[in-house]
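Report on the following structure.
The values are calculated or read from the model by the stated rules, or taken from the named source; none is laboratory data. This is a predicted model, so every value here is computed, not measured. For neighbour counting, all protein chains shown are included, and Cβ atoms are generated from backbone atoms with ideal geometry for every residue, glycine included. Ligands, DNA and RNA are stripped out before the accessible areas are found, and what is left, the full protein with its side chains, is counted by its heavy atoms. Shrake-Rupley method; radii C 1.70, N 1.55, O 1.52, S 1.80 Å.
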Amino acid sequence: MNPRAARLWAALAGIVSAAVVLGVAEVLSAFVGAAGSPLFAVGSLVIDLAPPGAKDVMIGLFGTGDKAALLALMGVILVVIAGIAGILEARTAPLGVVLFGVGALLAVIAVVTRAGATGFNGVPTIVGAVAGVVVLRILIRRLANWRASAARQVRVLQSSVPATQLERRSFLMLAIVAGAASAVIGSGARLINATASVVTDIRTKLTLPRASIAAPAVPAGASINIEGITPLITPNADFYRIDTAFSPPSINPDDWKLTITGMVENEVELTFAQLLGRPLIEHVATLSCVSNEVGGNLVGNALWLGYPIRELLKQAVPKAGADMVLSTSIDGFTAGTPLAVLQDAGTEALLAVGMNGEPLPIEHGFPVRMVVPGLYGYVSATKWVVELKVTTFASDEGYWTPRGWSAKGPVKLSSRIDTPRANSSVKAGTIAVAGVAWSPHTGVKAVEVQVDNGPWVEARLADSISADTWRQWVYEWPATQGSHQIQVRATDANGTTQGSTQMPPAPNGAEGWDRITVTVG
Ligand SMILES: Nc1nc2c(c(=O)[nH]1)N[C@H]1C(S)=C(S)[C@@H](COP(=O)(O)O)O[C@H]1N2
Ligand SMILES: [Mo]
């Protein structure tokens, strides 16, 4: 093999390895967040750093294609540098690896310094770089073997042809497979990431209309100010997330549409703009997951902004005999909700667009989800919802029903101790035992605490926002030295008290008293 050919193959090894870096980084970013894409970050950084004159030149030359032109330019530069790295590695290892390392370091810096990025977003690039370096080392070793074998063949002038062919094949196979896989899978992931960043951007810039009917001010007495108690309103960043989506769907609101189909007199179609044009209402409601264990935290309370589903159903006019609405997410998830609940004038079942004063976070259903006070999420709270089919429980079922969960899922009366923490140590004296209790749509009227085998003592309940939300409670406990067991039970507005029977989450929600042990010193 002549030196020129050897250099070209080494350059190819470098380019393939760079494709592996980017491909792996894009695929990982598709799962952990589009902000992790080194291509996106470096491109954005270049745009930010470019002097205004350079931008004008690019726009002058390429018009609205300026971003594509920039990407192409970056691609050419990358190919050249990667080629050089391959040649360096073949000639003077590990210089090529060092060049890869420096490039990856710069890309990681670009990624983590983007607005809103965290150190975690650097992980895809780091993992990608490690994979790329491994491929580079293997390719360069195979290339060296191929060259050595070819040189031997020339020297002895006899048939070691099969050996040379094998060495060549092992180099080319890896180069082709790694290059092609990175290009194809990486481009697919890049497309997903590009859409995700576009949708993130649209969401950030979106201003929702004000509610026609604003939620009444939260009563001052609804919050108890105690260290360690769950806040009355759960911030979006802390709101539990449960869904079957590996990475949350990216929906451009301009492309979003809801259809109401099935057993209706009039099929209804609603765009996002039309939805925002309707009179929206605000409502605070507690949402909880049927999988929540006693004492668990798969429950949150938020201020939702949305349009009452009952109004849409009025427009669609359900036919006689229908008793369920099967809501479908763009990702295929479905939930079966009793039609009567969605039609009920006293239940604020919403097609929600806002959560705590912001557009829905993407992982909580952007641009539109359902929220139905009083029902577990799996039978009501479809995120990224695109279709409501009016149907019957006899002929349709939601996603979780054939998987061992009940077709209907009213939320069970529950209470939880937030503070002190289970198995913690506290000082003797007055200890605030506090937490939350909920029975959405029914309301909580009392909470009692029992220490060891003592009597059940009534806790002080904070004011209620409405029957649809949880209530904070506190019991000032005169704690004496020793190990103590504390348990809690709530009574709902109908006078029903939580029973002592323990039930696991499946098939329709956990039951039992939350119980902790603390050591008083
Ligand atoms: N598209 C979709 N929507 C979904 C789910 C899902 O898996 N996919 N899970 C449901 C379940 S089980 C719950 S508890 C709630 C959780 O909503 P959150 O993630 O906003 O807290 O969403 C519901 N909506
Ligand atoms: Mo759930």
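Here the mean projected area of the convex hull built on the C-alpha positions of segment 158-234 is 12.0 nm². If I take all pairs of Cα atoms in segment 237-365, what percentage of them are more than 26 Å from each other? Within segment 237-365, distances greater than 26 Å cover 24 percent of Cα pairs.
When peptides 324-331, 95-102 are ranked by their average number of other Cβ atoms within 10 Å per residue, the highest-first order is 324-331, 95-102. Model label points for residue 501 and residue 106, set 7 angstrom from Cα along the Cα-to-Cβ axis, are 6.8 nm apart.
Seen from all sides and averaged, what is the projected area of the convex hull of the Cα atoms in segment 408-514, in nm²?
Value for segment 408-514: 7.1 nm².
Where does each of 378-388, 345-355 land if you order them by average Cβ count within 10 Å, highest first?
Numbers: 378-388: 25.1, 345-355: 21.0.
Sorting 378-388, 345-355 by mean packing, highest first, produces 378-388, 345-355.
Tell me, in nm to one decimal, what length is gained between residue 205 and residue 424 on full extension, where the rule is 0.36 nm per residue of separation less the Cα-Cα distance? Mind dumping the intermediate values first?
On the way: separation 219, 0.36 × 219 = 78.84 nm, distance 4.44 nm.
Working it through step by step, the gained length comes to 74.4 nm.
All C-alpha to C-alpha distances of segment 3-195, sorted into 10 Å bins beginning at zero, yield P(r) values of 10, 32, 30, 18, 7, 3, 0 percent in whole numbers. Can you give me the % of accessible surface on segment 414-520 that is carbon or sulfur? Probe 1.4 Å, all protein chains present, nothing else counted. Summing carbon and sulfur atoms, their accessible area is 46 percent of the total for segment 414-520.
Note on segment 312-340 and segment 172-243: Cα centroid distance 26 Å, given to the nearest whole angstrom. With the alpha-carbon atoms of the chain aligned to their principal axes, the span from lowest to highest coordinate is 98, 66, 52 Å, starting with the largest.
I need the Debye-formula profile for segment 325-454: one equal scatterer per C-alpha, no solvent, reported as log10 I(q)/I(0) at q = 0.12, 0.15 1/Å, two decimals. Result of the Debye calculation: -0.61, -0.81.
Put simply, segment 477-521 fits an ellipsoid with semi-axes of 27, 15, 6 Å; these come from the alpha carbon gyration tensor as the roots of five times its eigenvalues, largest first.
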